[in-house]
Structures are given as structure tokens and as C-alpha cells.
């Protein structure tokens, strides 16, 4: 099924300019945009992946990771092929860097996705695995239907998206985990993108009351310097809030970085300690075994409130969004 794109401009000689993400691809007839999934068909831009998910799964919401958003709930998680970044370390490169028809897909319309979520008692639908921006029309149509059914919508995203489409999506978006990858050099050299639009998108989501959590994948020799960690925390404090959760996760060799060694657990744990010392209230570790780094503590009395094991919440003491010991409000969406 072809779905005409929502954000593009028709140019002379049947050229089109995509306005979905900051790349602004100018696409010739029969050509694709940088993301590999948006095609110029006779002077009109179409999504070639509408209703064509290559992955549908049921995940704990903690796996996104979203630690302060409905802990213990399952998310129906979906993805199509395609991405507007080309990270050389991508864990899901087989689908993120693929073109339509290169990976087997199912034809599943938005109504069917929402119905499937209801049947399996999922309170959340998550657009994830690849980059949901590139299947924007599909995501938006699902999100509209899900909202009517009181099902929450979440994304796992690089946030490389233009302001207008993001603002429209925010009306239906409840939470997002955003990859905040490091300094500008990291974006350009390892991802094929740039950082400024990501910063703007994060601020737009925050201003539009979307619950956000940030993930910082630590790659040895690239964004693991203490200076990088400090600058990231500084940006969060100056532009968002000390209550925005930050997840430091360990890199494992993948895709075009198979020769790079995995991040040492002590590097991830150190980053967490630095961020806490600088004032962030909720900082976590991921992709390593670290009980302390996967536990939510009250920022006031320091008591453990939510304990997690392998992406599952195994104990949750938060009551009505507050610490049961000192009544401090714990930032998040708890019911």
C-alpha cells in the first residue's frame, strides 16, 4: 500500500523536497530519500512502508528503556524498515538500514495494531527498533486510534525530526526515550547526522508535556570522556530539568564497529556517579549487571523505591506518585 507523505513540497520537473526531517532530501522521480523508505512517484512523495511492519513484539516498557512510565506494563512494539541516521554501531542495522521489500513484512493496518494491543491487554504501543520518524504517517494514524482507546503512545527515537511534524505528533504522544548520542563530532562521524535538531526536538517534547527519558550509549574512545558526560548533564540541567531520567548504557560491538571493544561496566557506573554528583535525580545504567544502577531511589530520603531485574520491575513501592517513606513526589507517569 502506498501512502502519500504528509510533509513535502513539490518542485519543478517533478522533483519533491521532503520536509519530515532536517535532511530536506530533494528526490528525483523514482528516487528514494536518505531514509530509504520515502519515494518520489511521478512527482508525489509516498511512504513505502505504511502498514508494513517488519517487527511486532511485546516488551516490558522498561526495555525501551522507560523507567518512570507505567512500570510493569507491557508495550506492543512495532517497526518498519528504514532510518534517517546511519549509525555505524547500530544494533538493529538489518532492518534500520534496509530498503522496503528487502526484509519480510506483514500487512497490518492501524486498526489491527490497536486491536492487537487491546486483545493482549497492552496499555502502551511503542514505535521503536528502527527510527519511527521515517514511518511517521503509519505511527500517527495508529497513535490517533490508540488515544481514543486510552492506550498510551511511546517512541524510542533519535529525535532527528522537523518541528512541524513533531508538534503534530506530540498531541498524541505520551512518552519518549531519546538517544542523546554525545558531542557534535559523534553525530557527524558515527551517525551521519548533526546534533542541533535533536536538541530542539527534545525541548519541543518537553515543552509539550511528553514524558521524556534520555539514553546515552557510551562508546569507548568516542563519547566516554568525563568532559562529554559533564557537558551532557549541563545541557539537561539548563534546557530541561534535573528530574529527567538519564540512562547510561554500555556499547557492544555491532554492524561496522565489530572491532571496537565493549564498554567496561566501571565506565558506565562512573558516568552515573558523575551525573548524580552534578545534580541529576534519576540516573541509570544499562546493558550491564548493576542492581544499584537499575533501581529508582527517592532523591530525598534515598530509599529504594523501584527495583528492576533484566528489564522487569520486580518491586514498586511508589504510592500515588510519591515516596511512601517521606512523601516526596517522584517524577514520572505512574498510573
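Summary table
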{"quantity": "C-alpha long axis of helix 136-148 to longest principal axis of the chain, angle in °", "calculated": "60"}
{"quantity": "Under 17 Å from the residue 11 label point (7 Å along Cα→beta-carbon), backbone N, region 30-52", "calculated": "30-36, 38-46"}
{"quantity": "Cα centroid separation - region 11-27 against region 28-70, whole Å", "calculated": "18"}
{"quantity": "Kirkwood Rh and Cα Rg combined as Rg over Rh, evaluated for region 149-196", "calculated": "1.07"}
{"quantity": "Alpha carbon convex hull of region 43-163, volume per residue in cubic angstrom", "calculated": "124"}
{"quantity": "Nearest 10 degrees, 0 to 90: helix 226-239 Cα axis against the chain principal axis", "calculated": "80"}
{"quantity": "Residues 248, 58, 160, 105, sorted so that the one with the fewest Cβ neighbours within 10 Å comes first", "calculated": "58, 105, 160, 248"}
{"quantity": "Fully extended contour minus Cα-Cα distance, from residue 101 to residue 208, at 0.36 nm per residue", "calculated": "34.9 nm"}
{"quantity": "Principal-axis tilt of helix 196-207 within the chain, Cα atoms, nearest 10 degrees", "calculated": "70"}
{"quantity": "Ranked list, fewest to most other Cβ atoms within 10 Å of each Cβ, for 39, 181, 302, 273", "calculated": "302, 273, 39, 181"}
{"quantity": "Segment residue 94-residue 300, length gained on full extension (0.36 nm per residue, minus Cα span)", "calculated": "69.8 nm"}
{"quantity": "Contour excess over end-to-end distance, with Cα ends at residue 148 and residue 309 and 0.36 nm allotted per residue", "calculated": "54.7 nm"}
{"quantity": "Protection-proxy order for peptides 108-114, 323-329, each taking the mean of Cβ atoms within 10 Å per residue, highest first", "calculated": "108-114, 323-329"}
{"quantity": "Spin-label pair residue 41/residue 266, simplified geometry with 7 Å Cα→Cβ offset, distance in nm", "calculated": "5.7"}
{"quantity": "Protection-proxy order for peptides 234-242, 65-73, each taking the mean of Cβ atoms within 10 Å per residue, highest first", "calculated": "65-73, 234-242"}
{"quantity": "Residue order, fewest to most surrounding Cβ atoms within 10 angstrom, among 133, 267", "calculated": "267, 133"}
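A short reminder: the numbers here are calculations on the coordinates, not readings from a lab. Here the structure is a predicted model, which is why all the values come from computation and not from measurement. For neighbour counting, all protein chains shown are included, and Cβ atoms are generated from backbone atoms with ideal geometry for every residue, glycine included.
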